[in-house]
1. Answer with a single label: of [x] 26.3, 95; [y] 15.7, 50; [z] 15.7, 52, which was calculated as Rg and Dmax of the Cα atoms in Å from the structure in view?
2. Output the antiparallel fraction of DSSP beta bridges having both residues in the chain, as a percent to the nearest 5.
3. Quote the FRET efficiency, to the nearest 0.05, computed for Ser80 versus Arg28 with a Förster distance R0 of 30 Å and r equal to the Cβ-Cβ distance.
4. Provide the per-residue ³J(HN,Hα) series for region 80-88, in order, calculated from phi with Karplus coefficients 6.51, -1.76, 1.60 and θ = phi - 60°, each as a whole number of Hz, with x at glycine and proline positions.
5. Tell me the relative contact order for region 2-135 as a rounded percent, counting alpha carbon contacts under 8 Å between residues six or more apart.
6. Looking at the chain as a GNM with Cα springs under 10 Å, which of Lys20, Lys77, Lys91 has the largest mean-square fluctuation?
7. So what are the ³J(HN,Hα) numbers for region 38-45, from phi and the Karplus equation (6.51, -1.76, 1.60; θ = phi - 60°), rounded to whole Hz, Gly and Pro as x?
8. Tell me, what HN-Hα J-couplings in whole Hz come from the Karplus equation 6.51 cos²θ - 1.76 cosθ + 1.60 at θ = phi - 60° for each residue of region 18-34, using x for Gly and Pro?
Amino acid sequence: MLLGLIKDLATFEGAPEQVKNSVGQMKRERDSFGFFLAEEDGNVLGAAVYFFAYYTWVGKSLYLDDLYVRPEHRRKKVGSMLLERVFKLAKQQDRKRLRLEVLDWNKIAISFYQKHGGTISREWLNCDFDSKALESPP
């Protein structure tokens, strides 16, 4: 169920081939992340996937890795409800920051996050080291 939403998000973002995760891996790594599902009458409408993080400048934080609502359920406040639940968790856990990434072409998502008080940085760029890079010392 959750992995299906993750794959739907990857397809929406134009990168379905980049999803390498599996249900088995998610079960083994379950203590590394959390998630909330939005459901109605047994149907999954969307999900928010997060993990706890630590940023040296502010301290304990929460990282929102994915917030995805199926297209047919958008504009029905499902995303706002999921984000509100993540905000509540951050407050309960005394987190100092909630951070996420949003693609620069996704103007609807950018507007959504700004509407909810988010600040979009135009300065910081992502830097990823994949497993192959991690195995090769500099």
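Any read-out appearing in this document is the output of simple, stated calculations on the displayed coordinates, not a laboratory observation. Remember, it's a predicted structure, so these values are computed and weren't measured experimentally. So basically every Cβ, Gly included, is an ideal-geometry build from the backbone, and we count neighbours across all protein chains shown.
1. Step by step, Rg and Dmax of the Cα atoms in Å for this structure corresponds to label [z].
2. Values: 17 of 21 bridges.
Beta bridges within the chain, antiparallel portion: roughly 80 percent.
3. Values: r = 32 Å, r/R0 = 1.07.
Computed FRET efficiency for Ser80 and Arg28 comes out at 0.40.
4. Per residue, the Karplus-derived 3J(HN,Hα) values read 5, 5, 5, 5, 4, 5, 5, 4, 4 Hz.
5. Working: 142 pairs, mean separation 21.9, N = 134.
The normalised contact order for region 2-135 reaches 16 percent.
6. Evaluated over the chain, the most mobile residue of the options is Lys20.
7. 9, 10, 8, 6, x, 9, 7, 9
8. 7, 7, 9, 5, 9, 4, x, 5, 4, 5, 5, 9, 4, 7, 9, 8, x
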